[in-house]
Every structure is written in C-alpha cells, then in structure tokens.
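Quick one: the structure is below, questions incoming.
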Amino acid sequence: MTPSPRARWSGVAGAVAISVLLLTLATAKGGDPALYPARPGQGVTVYLIDNGWHSDIAVPTAAIEARGDALAAAARQTSSAPWTLIGWGDAGFYEASSPALSRIPDGLAALLGGRPTVVHLEGAFAAPDRTWGRGVRPITLSRAGLTALLARTGRSLARGPGGAPVMAPIRRVRDEAFFASGERFSLLHLCNHWTAELLNAAGLPVTPLLDGLPVGLALDLKLRARL
C-alpha cells in the first residue's frame, strides 16, 4: 500500500527532527568542572547582555587591566569605566551606525564570511543590571574561569607592531572602541557563537547549534549550565 502524502511528510519531518537532535548532541561542548561552577563565596559576577540579536559579556575592568596583556592595553584605550562590555562580529556590519533595516543586505553578505572582523569593547560606569532593564543575566564564574575567558578574548585580537592591539579608526560614541580580530565570521560562526565560546572557555557547557541567537544561548545556558 502506498503511503499517503501526509504520512510521507510525517516521515520526513521525523527524520529531520532526529537528524537535528543528533547534530545538536554531536556538536555540544562539555564544561570544565574544575572551573565551573564556582565554589561558594569564591565567585566573580559577570553579565551576559543581549539586545535580541547580539550578545556581549560585561566583566570588571580591573580584572582585564590586571592581565597586563594586549587585551588590557585595548581596555585602557577604550574607557576608564569600572565595567567593560566585550563583543565580536563582522567589522562592516558591527561598526556601522545606520538603521538596522538599511544594513540587512550588508548583514547577509557578512554571513558568507571572508570579511574583516572586530572585537568591540565598551565601558559602563554602573553595574549592567542597573544600567539595562532587560536582557541582562548575571553569571558567577570562578576566578580561574574568568581568567580563561579573558585569555580566550585576547586570542581574538589581531596584533600590530610589538604585539599591540590594532584599534579601528571608527569610534561611534565615547567609551567604546573596535579592535581588529583574526577570527572568521560566517553563518556557522556568528557573534553569539563567539560569546558562547568565551563562556565555554570559562568552564560552562554550551551547544553551538542553539547558540546562534541570544534566545537560544539563554536557553542553552539554562538547560546545561543551570543558570
């Protein structure tokens, strides 16, 4: 007996669902129990911030400056604020200040990859949970986890003469700066994937297939890191 069209579509949908589930499990990255969760009373609070399509991680600026490396030099060139937001993305799309809708074609071109990328730093003079009313999630990291997160951030920076970070000429507002990055942006490696990689370096388990959008990253961290 020939299966009905409805039965065939149900079979296809089931196969697709199973394939997606297997791919999700196969690409999931485990956490590091030596780094996360932090022991009671020994953690450092950072903040995951998102605006619905892009995410940043806010960390205490003092923790960056204590490193004395290229990332610390970049932070000094950016702001003296006590908090620093860290983000990453396609240079052409990220640095632009025109309305988002007008940049859709540019954003689609960025998904093809092969274009310059940047690390974005921005100072905040108050704790993020007091500055932004929505899209702010506190995360308690161990000190070793925060160190690993900042080391991963530093590896994203392209280096100029003497190993110094390379500041981009565009500076949209005060207390922010863009620095050239050597990492590749594409449909398979979006800005939120990069944020997830920083958190994974800090010891949190992540699932790249879910992490392309902030809502997926938040769900991922809720399910796997118990945030």
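The values are calculated or read from the model by the stated rules, or taken from the named source; none is laboratory data. Computed from a predicted model, the values in this text were never measured in an experiment. Here Cβ is always computed from backbone atoms with ideal geometry, including for glycine, and neighbour counts include all displayed protein chains.
From GLY203, GLY160, grab the single residue that is surrounded by fewer than 17 Cβ atoms within 10 Å (Cβ to Cβ) and either within 14 Å of the chain's Cα centre (by Cα) or of a type in the set (Gly, Ala, Ser) (or both).
From the options GLY203, GLY160, the qualifying one is GLY160.
Then there's this: Kindly indicate the residue of the range 205-225 that is of a type in the set (D, E, K, R) and touching a residue at least 24 places away in the same chain (Cβ under 8 Å) and also nearest to ALA38 (Cα to Cα) among those meeting that condition.
Filtering the range 205-225 for residues that are of a type in the set (D, E, K, R) and touching a residue at least 24 places away in the same chain (Cβ under 8 Å), the one nearest to ALA38 (Cα to Cα) comes out as ARG224.
Which residues, taken from the range 52-104, are surrounded by 23 or more Cβ atoms within 10 Å (Cβ to Cβ) and of a type in the set (Lys, Arg)?
Scanning the range 52-104 gives no hits.
Further, regarding this structure: For the range 102-110, indicate whether the set of residues that are under 30 Å from ALA225 (Cα atoms), of a type outside the set (D, E, K, R), touching a strand residue (DSSP E or B) at 6+ places or on another chain (Cβ under 8 Å) and touching a residue at least 24 places away in the same chain (Cβ under 8 Å) is non-empty.
no
For VAL173, which of the numbered conditions (1) closer than 24 Å to ALA124 by Cβ; (2) modelled with pLDDT of 95 or more fails to hold?
Only one criterion in (1) closer than 24 Å to ALA124 by Cβ; (2) modelled with pLDDT of 95 or more is unmet by VAL173, namely (2).
Yes or no, residue by residue, for (1) touching a Gly at 6+ places or on another chain (Cβ under 7 Å); (2) at pLDDT 95 or above; (3) within 21 Å of TRP53 (Cβ to Cβ); (4) hydroxyl-bearing (Ser, Thr, Tyr):
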position	(1), (2), (3), (4)
ARG159	no, yes, no, no
GLY162	no, no, no, no
PRO165	no, yes, no, no
PRO169	no, no, no, no
HIS189	no, yes, yes, no
LEU198	no, yes, yes, no
GLY203	yes, yes, no, no
VAL206	no, yes, yes, no
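Okay, next question. Within the bounds of the range 165-178, is there any residue that is more than 16 Å from GLY30 (Cα to Cα), of a type in the set (Lys, Arg), under 15 Å from the mean Cα position of the chain (by Cα) and surrounded by fewer than 21 Cβ atoms within 10 Å (Cβ to Cβ)?
Within the range 165-178, not a single residue is more than 16 Å from GLY30 (Cα to Cα), of a type in the set (Lys, Arg), under 15 Å from the mean Cα position of the chain (by Cα) and surrounded by fewer than 21 Cβ atoms within 10 Å (Cβ to Cβ).
Right, here's the next one. So which residues in the range 44-65 are assigned to a strand (DSSP E or B) and under 16 Å from the mean Cα position of the chain (by Cα)?
VAL46, TYR47, LEU48, ILE49, ASP50, SER55, ASP56, ILE57, ALA58, VAL59
Taking the criterion of being free of Cβ contacts under 8 Å to residues at least 40 places away in the same chain and basic (Lys, Arg), would at least one residue in the range 67-80 satisfy it?
Checking the range 67-80: at least one residue is free of Cβ contacts under 8 Å to residues at least 40 places away in the same chain and basic (Lys, Arg).
Provide a single number: the residues in the range 135-155 that are hydroxyl-bearing (Ser, Thr, Tyr) and more than 24 Å from ALA34 (Cα to Cα).
0
OK, next. Scan (1) hydrophobic (A, V, I, L, M, F, W, C); (2) in contact (Cβ under 8 Å) with a residue 24 or more places away in the chain; (3) farther than 15 Å from LEU198 by Cβ for the single condition ILE86 breaks and write down its number.
(3)
Still on this structure, please answer the following. Within the set of pairs 6 or more residues apart or between chains, which connect a residue that is closer than 24 Å to PRO33 by Cβ and touching a residue at least 12 places away in the same chain (Cβ under 8 Å) inside the range 177-204 to a residue that is part of a strand (DSSP E or B) and charged (D, E, K, R) with Cβ atoms less than 8 Å apart?
The qualifying pairs are THR195/ASP56; ASN200/LYS29.
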